[in-house]
2 protein chains.
Amino acid sequence: MPKFEFGGKEYNNPVELALDVIGGKYKMPILWRLKDKVWRYGELKKDLGKITHKMLTEQLRELESDGLIHRKVYPEIPPKVEYFITELGQKAIPAIETLRKFGHDFYVIKNAQPKIENKDD
Amino acid sequence: MPKFEFGGKEYNNPVELALDVIGGKYKMPILWRLKDKVWRYGELKKDLGKITHKMLTEQLRELESDGLIHRKVYPEIPPKVEYFITELGQKAIPAIETLRKFGHDFYVIKNAQPKIENKDD
DNA sequence: CTGCATCCTTGCCGATACTG
DNA sequence: CAGTATCGGCAAGGATGCAG
């Protein structure tokens, strides 16, 4: 699949598209949390730690418009909004899983080596 | 593994680290090509198409310093440089594979749906 | 509680020119 | 053929304030 178009944008391979859809700093962490539980906006905000209000809203909107998550609004005062992962969103989980594994392995390997050259000091 | 440090930078999860190491626009496409073949600089440049000279060199340097690829220089005129994937680099391949699969599935699904609401016009 | 708009900073990436 | 350096655009990400 060498070069194709989607959503008015050109991609050279499926990986580029995937990174557009679930890449970035927070999309995977969000999906990861939604994968087996429903979360409210405020819960996500608190649990993701450093994320700003703006970023969270932005990322949730993109995930929603790409069909990876679903948003349910309760017409109450004060407002209550819940986020669910969709079937399509579930398809992204394995990719996140293998990325996590690689990141973990990389970290472990890189931290296991530092002490091999200390014979003379 | 909630929040850790690596290479003087803070990460909230392994995914962030993974994306730093093999994310970006070209690192995965490069690794993907090196996975079962040795490539020369010029070959990569030609095959990757739109990538600029600067970007290719930059990405290759980062992959090398992270230990994912190895660089072999032949002291000849004109210069000849070959790039190999390392064992550590091989560990990134499954992650790229699942991302490719997701990107592909996403594309197929999104392009299969557009015609479901045409019963009345 | 949740959402939207604005402004600003940062860093990725591209274009171009020069070297051995 | 391969590498290095500089300049600058542009989009992602962050801070803050106002609104329903």
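The values are calculated or read from the model by the stated rules, or taken from the named source; none is laboratory data. Note that the structure is a prediction, hence the values are computed from the model and not measured. Ideal geometry is used to build each Cβ from the backbone, glycine not excepted, and the neighbour counts take in all protein chains shown. Heads up: the accessible areas ignore ligands, DNA and RNA and are worked out on the full protein's heavy atoms, side chains in. Shrake-Rupley method; radii C 1.70, N 1.55, O 1.52, S 1.80 Å.
Quick one: which residue in A:ILE96, A:ILE51, A:ILE77 is within 19 Å of B:ASN12 (Cβ to Cβ), modelled with pLDDT under 95 and within 16 Å of DNA strand D (Cβ to nearest atom)?
Being within 19 Å of B:ASN12 (Cβ to Cβ), modelled with pLDDT under 95 and within 16 Å of DNA strand D (Cβ to nearest atom) holds for just one of A:ILE96, A:ILE51, A:ILE77, which is A:ILE51.
Could you tell me whether B:TYR74 is farther than 28 Å from A:ILE109 by Cα, open to solvent by less than 80 Å² (accessible area, probe 1.4 Å) and without any contact (Cβ under 8 Å) to a residue 40 or more places away in the chain? It would help to see each step written out before you state the result.
Details: farther than 28 Å from A:ILE109 by Cα: yes; open to solvent by less than 80 Å² (accessible area, probe 1.4 Å): yes; without any contact (Cβ under 8 Å) to a residue 40 or more places away in the chain: yes.
Yes.
Residue check: A:VAL21 meets all listed conditions (1) part of a strand (DSSP E or B); (2) under 14 Å from A:GLY89 (Cα atoms) but one, namely (1). Please pick out the residue among B:LEU44, B:LEU17, B:LEU56, B:LEU63 that is in contact (Cβ under 8 Å) with a residue 24 or more places away in the chain and more than 10 Å from DNA strand D (Cβ to nearest atom). Within the list B:LEU44, B:LEU17, B:LEU56, B:LEU63, the selection yields B:LEU63. Scoring B:GLY103 on the criteria (1) near DNA strand D (Cβ under 10 Å from one of its atoms); (2) open to solvent by less than 50 Å² (accessible area, probe 1.4 Å) leaves a single failure, condition (1).
Annotation: of all residues in the stretch A:109-121 being in a helix (DSSP H, G or I) and open to solvent by 70 Å² or more (accessible area, probe 1.4 Å), the one that is modelled with the highest pLDDT is A:ASN111.
Identification of helices (runs of 4 or more DSSP H) wholly contained in the stretch A:41-106 with 1 or more residues that are within 11 Å of DNA strand C (Cβ to nearest atom) yields A:41-47, A:53-65. The residue pairs whose first member lies in the stretch A:85-99 and is touching a residue at least 60 places away in the same chain (Cβ under 8 Å), whose second member is buried (at least 16 other Cβ atoms within 10 Å of the Cβ) and part of a loop (DSSP other than H, G, I, E, B), and whose beta carbons are closer than 7 Å, counting only pairs six or more residues apart or on different chains, are A:ALA92/A:LEU68.
Taken over the stretch B:20-41, residues that are hydrophobic (A, V, I, L, M, F, W, C) and within 11 Å of DNA strand D (Cβ to nearest atom) amount to 1.
Condition first: surrounded by 11 or more Cβ atoms within 10 Å (Cβ to Cβ), within 14 Å of chain A (Cβ to nearest Cβ) and aromatic (Phe, Trp, Tyr). Can you find one or more residues in the stretch B:79-94 that meet it? Among the residues of the stretch B:79-94, not one is surrounded by 11 or more Cβ atoms within 10 Å (Cβ to Cβ), within 14 Å of chain A (Cβ to nearest Cβ) and aromatic (Phe, Trp, Tyr), which makes the answer no. Under the condition of being open to solvent by less than 60 Å² (accessible area, probe 1.4 Å) and either over 21 Å from A:GLU16 (Cα atoms) or of a type outside the set (A, V, I, L, M) (or both), the residues counted in the stretch B:39-50 number 4. Across the stretch A:3-37, the qualifying residues are those that are more than 9 Å from chain B (Cβ to nearest Cβ) and open to solvent by 60 Å² or more (accessible area, probe 1.4 Å), and the one among them that is farthest from B:ASP105 (Cα to Cα) is A:LYS37.
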